[in-house]
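Every number in this text was worked out from the coordinates using simple rules, so none of it is lab data. This structure is a prediction, so every number in the text was calculated from the model and none was measured. So basically every Cβ, Gly included, is an ideal-geometry build from the backbone, and we count neighbours across all protein chains shown.
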Amino acid sequence: MTATISILGRGRAGRALAEAWGGRAALLAHTAQPEGLVLLAVPDHAVADCAARFPGRCVHLAGSLHLPGVPCAHPLTSFDGQARDWSGTPLAITGAVPDDLRRAFGDLGFVPFDLPGELKPLYHAAAVLTSGHAATLWLGAQALLRAQGVALPGRGLLPLAEATLRNIAERGPAGRTGPFPRGDAATIARDAAALPEPWREIFLKLGGALD
Ligand SMILES: NC(=O)c1ccc[n+]([C@@H]2O[C@H](COP(=O)([O-])OP(=O)(O)OC[C@H]3O[C@@H](n4cnc5c(N)ncnc54)[C@H](OP(=O)(O)O)[C@@H]3O)[C@@H](O)[C@H]2O)c1
């Protein structure tokens with residue numbers, strides 16, 4: 001099959017999409033100068049310079065960045081360089097993304113929606129809260145326990161995280177559990193006192209963030 005999409009940048013996003021699209025896509029170094037439709041899978045700081053080499057025929061993947069005249073398709077996922085099941089994963093479309101590329105993302109399970117350029121930083125900040133910050137909380141919690149010699153058996157923190165996500169996906173805010181939604185001030189104070197900074201401040205601020 002002849003490649004119809006040239007992906008520039010062999011990082012996590014580029015490799016994952018190229019593997020999923022197979023013969024429909026060619027995966028190239030960011031210095032390549034292919035013909036036809038180009039998908040820029042390069043770091044955000046490099047998007048503007050790369051886009052200038054493909055006027056009117058490139059699309060970028062950066063969720064926070066809005067470049068007037070350069071369309072964007074942002075997959076709301078965390079890529080690891082491999083093809084995954086992306087069924088039901090939102091794809092934020094800003095600008096005139098060609099129909100062929102929309103269809104190619106749709107074939108992988110992505111679900112497109114239109115996102116105005118001026119809302120991209122807010123949208124991306126929400127994504128960072130959900131993904132990068134959730135990862136920081138998870139890894140930080142593990143490190144706090146490990147520092148005191150507590151090694152969780154079985155699947156560790158994973159069942160708690162899975163149950164929490166399931167509950168809020170099904171019930172929204174009513175699915176929250178723990179001392180903050182219960183208003184249990186004594187437990188909150190005891191737990192907070194056990195934490196070193198900056199975790200104590202994060203614990204108290206996050207706990208009250210929805211109040
Ligand atoms: N990772 C994610 O989960 C994710 C999710 C949604 C959207 N995105 C977006 O996808 C884009 C790529 O992210 P990524 O995570 O795949 O990045 P990455 O893993 O850091 O890889 C980017 C690739 O760009 C090339 N590159 C490196 N330095 C460069 C430079 N100075 N100028 C131009 N190209 C350079 C390299 O490929 P070559 O060596 O082949 O040139 C590198 O492997 C970003 O816009 C990001 O916001 C990422």
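Using Cα atoms only, what is the angle between the long axis of helix 158-171 and the major principal axis of the chain, expressed in degrees (0 to 90) to the nearest 10? For 158-171 against the chain, the angle is about 80 degrees.
Each residue of segment 194-209 was assigned a 3J(HN,Hα) from its phi angle through the Karplus expression (A = 6.51, B = -1.76, C = 1.60, θ = phi - 60°), giving 7, 9, x, 6, x, 5, 4, 5, 4, 4, 6, 5, 5, x, x, 5 Hz with x at Gly and Pro. On the basis of the beta-carbon distance and an R0 of 30 Å, Arg12 and Asp114 show a calculated FRET efficiency of 0.75. Per-residue 3J(HN,Hα) values for segment 5-18, derived from phi via the Karplus relation 6.51 cos²θ - 1.76 cosθ + 1.60 with θ = phi - 60°, read 10, 9, 9, 9, x, 9, x, 4, 5, x, 5, 5, 5, 5 Hz in sequence order (x marks Gly and Pro).
Which angle from 0 to 90°, rounded to the nearest 10, does the C-alpha axis of helix 132-147 make with the longest principal axis of the chain? The helix 132-147 is inclined about 40 degrees to the chain.
With N the number of residues in the chain, Rg(Cα) / (2.2 N^0.38 Å) evaluates to 1.25. For His60, the residues whose modelled amide H falls within less than 5 Å of its own, excluding neighbours fewer than 5 places apart on the same chain, are Leu40, Cys72, Ala73. Backbone phi angles across segment 26-31, fed through the Karplus curve with coefficients 6.51, -1.76 and 1.60 (θ = phi - 60°), yield HN-Hα couplings of 10, 9, 10, 5, 5, 8 Hz in residue order; Gly and Pro are listed as x. Loop-resident trypsin sites (Lys or Arg not before Pro) (DSSP state other than H, G, I, E or B) in segment 115-197 with no more than 11 further Cβ atoms inside 10 Å of their Cβ: Arg155.
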